[in-house]
Amino acid sequence: GNLIDRLFQTGDRRSEFERLYLVEEDPWRYRSSEEEHAKYKRTLTKLLQWAPGRENCLEVGCSIGVFTAQLGLKFKQVTSIDISSEALRQAALVNATSTNVRFIELNLRSLALQDRFDAIVCSEVLYYISEPFVESVLERLAIHLLQDGVLVVVNEFPEGPSDRFHFKGWTALLEREWVLRDRVVVQEASRPYQISVFAKPAFRPPVD
């Protein structure tokens, strides 16, 4: 954790992630960690339980593409974005035989794709958005999600305090502005986390 903490002090996300992946190919042990694999399994179970269709899934912050491969088996099309070109290079190798997965180097703050998705997955990624950008990111997620689609968010439980570079109020914000469909809290010894399933609020036409 100390190396990762040291690398995330400047607020320039892209260069921080690039350095991290160059220093260490799998910094969060996504390939080898049993805890991570258990988290993937729980996340996928919740996602498939609630996703209305299996057409189109957006994965935000795909890292080295381990979970992407699992999504690719369940959805007709998977779009995975990450801020790090080095992570995406590895992800493309991990998913080299998948014909229904595409990777795009993209900051969530700049999300502007042509597609609308049945499901959007943000696993351990939203707290990298700093507070000034939170509302616009939430709008971008809403725009890209079909009206009956689901947003699945995996984050720490309970969420710690925010700082200049990390916004930790996502759970409260989404509960206030969206519809909480389901949640599971996993009291893992090293780091408890929650998997939450949100639906977009029903569209209300503006009042004249």
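Among the residues of the range 124-147, just one is polar (S, T, N, Q), open to solvent by 30 Å² or more (accessible area, probe 1.4 Å) and not in a helix (DSSP H, G or I), namely Q147.
From V150, V154, which residue is in contact with a Phe, Trp or Tyr (Cβ under 8 Å, 6 or more places away or on another chain), farther than 15 Å from N56 by Cα, open to solvent by less than 60 Å² (accessible area, probe 1.4 Å) and not in a helix (DSSP H, G or I)?
On the way: V150 fails: farther than 15 Å from N56 by Cα.
Matching residue, one of V150, V154: V154.
If you go through the range 86-102 and keep only what is touching a helix residue (DSSP H, G or I) at 6+ places or on another chain (Cβ under 7 Å), open to solvent by 30 Å² or more (accessible area, probe 1.4 Å) and either closer than 16 Å to V60 by Cβ or among the acidic types (D, E) (or both), you end up with just E86. If you filter the range 45-56 down to residues that are in contact with a Lys or Arg (Cβ under 7 Å, 6 or more places away or on another chain) and in a helix (DSSP H, G or I), you find that the one that is most open to solvent (accessible area, probe 1.4 Å) is W50.
Residues that are hydroxyl-bearing (S, T, Y) and either in contact (Cβ under 8 Å) with a residue 40 or more places away in the chain or open to solvent by less than 30 Å² (accessible area, probe 1.4 Å) (or both): does the range 103-123 have at least one? Yes, there is a match, as at least one residue in the range 103-123 is hydroxyl-bearing (S, T, Y) and either in contact (Cβ under 8 Å) with a residue 40 or more places away in the chain or open to solvent by less than 30 Å² (accessible area, probe 1.4 Å) (or both). L93 falls short on exactly one of the conditions (1) assigned to a loop (DSSP other than H, G, I, E, B); (2) closer than 18 Å to V66 by Cβ, and that condition is (1). Against the test of being closer than 24 Å to Y193 by Cα, modelled with pLDDT under 85 and within 16 Å of the chain's Cα centre (by Cα), the options R13, R29 yield a single qualifying residue, R13.
The values are calculated or read from the model by the stated rules, or taken from the named source; none is laboratory data. For clarity, every value in this text was computed on a predicted model and none was experimentally measured. A quick note on method: Cβ atoms are made from the backbone with ideal geometry, for glycine too, and the neighbour counts reach across all protein chains shown. Each accessible area value is taken on the protein alone, full model and side chains, heavy atoms only, with ligands, DNA and RNA left out. Shrake-Rupley method; radii C 1.70, N 1.55, O 1.52, S 1.80 Å.
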